[in-house]
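Beneath this line is the structure, given in structure tokens, with notes to follow.
None of the figures in this text is laboratory data; all of them are computed from the coordinates on show. These numbers come from a predicted model, not from an experiment.
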């Protein structure tokens, strides 16, 4: 079965969603990787 959804239905569905409670962490490369990159 297929479902047809118009733009208004999609907007209502998205409006019901909540933002995930995640903490964005910045990637910090290991010191060994940075040292290797500097040696190139």
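Just from its helices, what would the mean residue ellipticity at 222 nm be for the chain, if runs of 4 or more DSSP H residues each count -39500 (n - 2.57) and the sum is divided by every residue, rounded to the nearest 500 deg cm²/dmol? All intermediate terms of the calculation are to be shown ahead of the outcome.
Values: 2 runs with 18 residues, N = 40.
One gets -12500 deg cm²/dmol as the mean residue ellipticity at 222 nm.
Length gain on complete extension for the stretch residue 10 to residue 39, per 0.36 nm per residue less the alpha carbon to alpha carbon distance? Present the calculation step by step, with values, prior to reporting the outcome.
On the way: separation 29, 0.36 × 29 = 10.44 nm, distance 5.15 nm.
Contour length minus Cα-Cα distance gives 5.3 nm.
If one computes P(r) from the Cα atoms of the chain, what percent of pairs lie at distances over 16 Å?
Details: 525 of 780 pairs.
Cα-Cα pairs of the chain separated by over 16 Å account for 67 percent.
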